[in-house]
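We did not get these values from a lab; they are worked out from the coordinates using the rules stated. Here the structure is a predicted model, which is why all the values come from computation and not from measurement. Here the Cβ is made from the backbone with ideal geometry for all residues, glycine too, and neighbour counts use every protein chain on show.
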Amino acid sequence: MATPKWCNLCKRNVIAGKKFNWLVFILLCGLFYLPYYLFKKEKCPICNGDNFSPAKADDL
Ligand SMILES: [Zn+2]
């Protein structure tokens, strides 16, 4: 389950997530993309940033 985080750039709670890129996966035969994906940072869906703080419950 996705948990909301506070985005310092958008000044709001967002659901951060990672997008699996099938095109890159196929181009790199998956071998190099899988470890890259596992260590990839979750990103804000709005500003694409990764500057997060814990979600602020009073702003939900
Ligand atoms: Zn953001």
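Points worth noting:
- None of LYS5, LYS18 is touching a Phe, Trp or Tyr at 6+ places or on another chain (Cβ under 6 Å), surrounded by 10 or more Cβ atoms within 10 Å (Cβ to Cβ), in contact (Cβ under 8 Å) with a residue 12 or more places away in the chain and of a type in the set (D, E, K, R) except LYS5.
- Extreme residue, nearest to ALA57 (Cα to Cα), among residues of segment 1-24 that are basic (Lys, Arg) and more than 12 Å from the ligand (Cβ to nearest atom): LYS18
- The number of residues in segment 25-60 that are more than 17 Å from the chain's Cα centre (by Cα) and either loosely packed, with under 12 Cβ neighbours inside 10 Å or away from the ligand (no atom under 15 Å from the Cβ) (or both) comes to 12.
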